[in-house]
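A.B. asks: Would you mind keeping the following structure in view while I ask a few things?
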Amino acid sequence: MTVIVWDGVTFAADKQATQSDMARKVKKIRRIRGHLVGASGQWDLAQEMFDWFAQGAKREAWPATQRTDDKWVGLLVITPNRKILKYESSPIPIDFTANKRYAFGSGRDFAYGAMAMGADARAAVLAASKFDINCGMGVDTLTLEAR
């Protein structure tokens, strides 16, 4: 499970992946082709989605695993011009840019609550990690590079 947060400036994610009831540290957010990219879901399939995005995010190369009902991965992309795009079960992203901030994963409600109280993305991930047992093991952060 996961919490990934964008506050308009900082992209943050917890580091915990749960596999066979064992918590392991992973890196859920990356800088790919100048974008900030984060994944939530089955971790082996998340690697496939990171690779798909790195190879150009071509519609015709959309991973077949993303078309199943029970095993798709959510991929959140923050573009260099701060668009908030989320890929779910289609190679056509959902545009959430109008929201300015975005959180997803099992800890998202705690993160939104923290941001409503003034927390930045990093603090929101820490708050979610305190209350959602599926999130934790630290925080990774990224920001967009200055143009």
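A.B. asks: Which whole-number percentage describes the relative contact order of the chain, with Cα contacts under 8 Å and a sequence gap of 6 or more?
C.D. replies: After rounding, I find 35 percent.
A.B. asks: What number, rounded to the nearest 500 deg cm²/dmol, is the helix-based mean residue ellipticity at 222 nm of the chain, given -39500 (n - 2.57) per DSSP H run of at least four residues and division by all its residues?
C.D. replies: Taken over the chain, the calculation gives -6500 deg cm²/dmol.
A.B. asks: At what distance in nm do the modelled label points of residue 55 and residue 143 sit from each other, each positioned 7 Å from its Cα along Cα→Cβ?
C.D. replies: Placing both labels 7 Å along Cα→Cβ, they lie 3.4 nm apart.
A.B. asks: Continuing with the same structure: Which of these, 118, 38, 136, has the largest mean-square fluctuation under a Gaussian network model of the chain (Cα springs below 10 Å)?
C.D. replies: Of 118, 38, 136, the Gaussian network model singles out 118 as fluctuating most.
A.B. asks: Suppose R0 equals 30 Å. What FRET efficiency, 1/(1 + (r/R0)^6) with r the Cβ-Cβ distance, do residue 22 and residue 95 give to the nearest 0.05?
C.D. replies: Values: r = 36 Å, r/R0 = 1.21.
The computed FRET efficiency comes out at 0.25.
A.B. asks: Which of 15/130; 15/83; 25/130 have a Cα-Cα distance over 21 Å?
C.D. replies: Numbers: 15/130 13 Å; 15/83 24 Å; 25/130 16 Å.
Over 21 Å Cα-Cα: 15/83.
A.B. asks: Return 145, 60 ranked ascending by Cβ neighbour count within 10 Å, so the fewest neighbours appear first.
C.D. replies: Exposure proxy ranking, most exposed first: 60, 145.
A.B. asks: While we're on this one: Only four residue types carry charge here, +1 at the Cβ of Lys and Arg and -1 at the Cβ of Asp and Glu. Report the dipole size of the chain about the Cα centre in Debye, rounded to the nearest 20.
C.D. replies: So the dipole magnitude of the chain works out to roughly 480 debye.
FYI, it's all coordinate maths here, none of it is from the lab. Everything numeric in this text was worked out from a predicted model, so none of it was measured. A quick note on method: Cβ atoms are made from the backbone with ideal geometry, for glycine too, and the neighbour counts reach across all protein chains shown.
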